[in-house]
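K.L.:
Pasting a structure here, questions to come.
The values are calculated or read from the model by the stated rules, or taken from the named source; none is laboratory data. As the structure is a prediction and not an experimental result, all values here were calculated from the model. Every residue, glycine among them, receives a Cβ derived from its backbone with ideal geometry; neighbour counts consider all protein chains shown.
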Amino acid sequence: MHQYQNEHTKRWAERVGRLDGFIFVTAEYNHSIPGALKNAIDFLYQEWNYKAASFVSYGSGSGGSRAVEHLRGVMGELKIYDLREQVLLPEYYTRLNDQGQYQFSDQEVQAANTVLDEIVFWSEQMKTARERLG
């Protein structure tokens with residue numbers, strides 16, 4: 001209903017509202033998304049509508065793919081255009097160096113660049129669509 005009472009919700013709505021696209025980064029938690037991410041998404045509705053989204057996920061062997069599948073269902077309900085392209089980081093903990101920094105493979109870098117290119121393109125397309133919808 002876009003009738004927010006709390007200041008933190010108003011600030012969150014303003015921030016999300018002024019963006020045209022999103023890359024959600026999520027862990028996989030119990031074969032789904034963490035509760036904090038779901039709550040952050042669920043506090044708003046109109047601010048998400050007709051925008052583009054993609055995903056970076058990490059977890060065990062599946063790389064967080066089950067979390068992304070759950071997010072895709074949520075995106076549909078929020079009228080968010082979710083891109084097919086995504087970055088999965090399976091067993092990420094095996095790719096940390098001595099300083100705890102993740103070591104990306106060439107394939108992961110290529111996937112990330114594709115996600116960035118696609119999110120920019122589709123965010124612009126969705127902005128045009130939102131303007132036409134008025």
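K.L.:
If I ask for residues that are in a loop (DSSP other than H, G, I, E, B) and β-branched (V, I, T), which ones from the stretch 68-117 would you list?
P.N.:
As a first pass, look at the stretch 68-117 and keep what is in a loop (DSSP other than H, G, I, E, B): 78-80, 91, 97-101, 103-105.
Of everything in the stretch 68-117, just one residue is in a loop (DSSP other than H, G, I, E, B) and β-branched (V, I, T), namely I80.
Yes or no, residue by residue, for (1) in contact with a Gly (Cβ under 8 Å, 6 or more places away or on another chain); (2) without any contact (Cβ under 8 Å) to a residue 40 or more places away in the chain; (3) buried (at least 22 other Cβ atoms within 10 Å of the Cβ); (4) within 24 Å of L133 (Cα to Cα):
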site: A52; (1), (2), (3), (4): yes, no, yes, yes
site: V68; (1), (2), (3), (4): no, no, yes, no
site: Y81; (1), (2), (3), (4): no, no, no, yes
site: E85; (1), (2), (3), (4): no, yes, no, no
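K.L.:
Is there a residue in the stretch 20-39 that is without any contact (Cβ under 8 Å) to a residue 40 or more places away in the chain, under 13 Å from the mean Cα position of the chain (by Cα) and part of a strand (DSSP E or B)?
P.N.:
yes
K.L.:
Tell me which residues, restricted to the stretch 94-115, are touching a residue at least 12 places away in the same chain (Cβ under 8 Å) and out of contact with any Lys or Arg (no Cβ under 8 Å at 6 or more places or on another chain).
P.N.:
Our first condition is that a residue be touching a residue at least 12 places away in the same chain (Cβ under 8 Å); within the stretch 94-115, this holds for 102, 108, 111-112, 114-115.
Selection gives E108, A111, A112, T114, V115.
K.L.:
Identify the residue in the stretch 1-17 that is touching an Asp or Glu at 6+ places or on another chain (Cβ under 9 Å) and either among the acidic types (D, E) or assigned to a loop (DSSP other than H, G, I, E, B) (or both) and, among all such residues, is modelled with the highest pLDDT. Write out each step before concluding.
P.N.:
Filtering the stretch 1-17 down to residues touching an Asp or Glu at 6+ places or on another chain (Cβ under 9 Å) leaves 2, 12-17.
The next check asks that each one be either among the acidic types (D, E) or assigned to a loop (DSSP other than H, G, I, E, B) (or both); those that pass are 2, 14.
Values: H2: 78, E14: 97.
Top of the filtered list is E14.
K.L.:
Could I ask something else about it? Please indicate, with yes or no, whether at least one residue in the stretch 123-131 is within 20 Å of the chain's Cα centre (by Cα) and free of Cβ contacts under 8 Å to residues at least 24 places away in the same chain.
P.N.:
No, that holds for no residue.
K.L.:
Inside the stretch 40-62, can you point out the residues that are out of contact with any Pro (no Cβ under 8 Å at 6 or more places or on another chain) and assigned to a loop (DSSP other than H, G, I, E, B)?
P.N.:
Residues satisfying the conditions are F43, L44, Y45, N49, Y50, K51.
K.L.:
Do you know which of the residues in the stretch 1-19 that are surrounded by 11 or more Cβ atoms within 10 Å (Cβ to Cβ) and hydrophobic (A, V, I, L, M, F, W, C) is nearest to E131 (Cα to Cα)? Outline the logic, then answer.
P.N.:
Restricting attention to the stretch 1-19, the residues satisfying the condition of being surrounded by 11 or more Cβ atoms within 10 Å (Cβ to Cβ) are 4, 9-17, 19.
Checking the rest, the ones that are also hydrophobic (A, V, I, L, M, F, W, C) come to 12-13, 16, 19.
On the way: W12: 22, A13: 19, V16: 17, L19: 14 Å.
If we take residues in the stretch 1-19 being surrounded by 11 or more Cβ atoms within 10 Å (Cβ to Cβ) and hydrophobic (A, V, I, L, M, F, W, C), then L19 is nearest to E131 (Cα to Cα).
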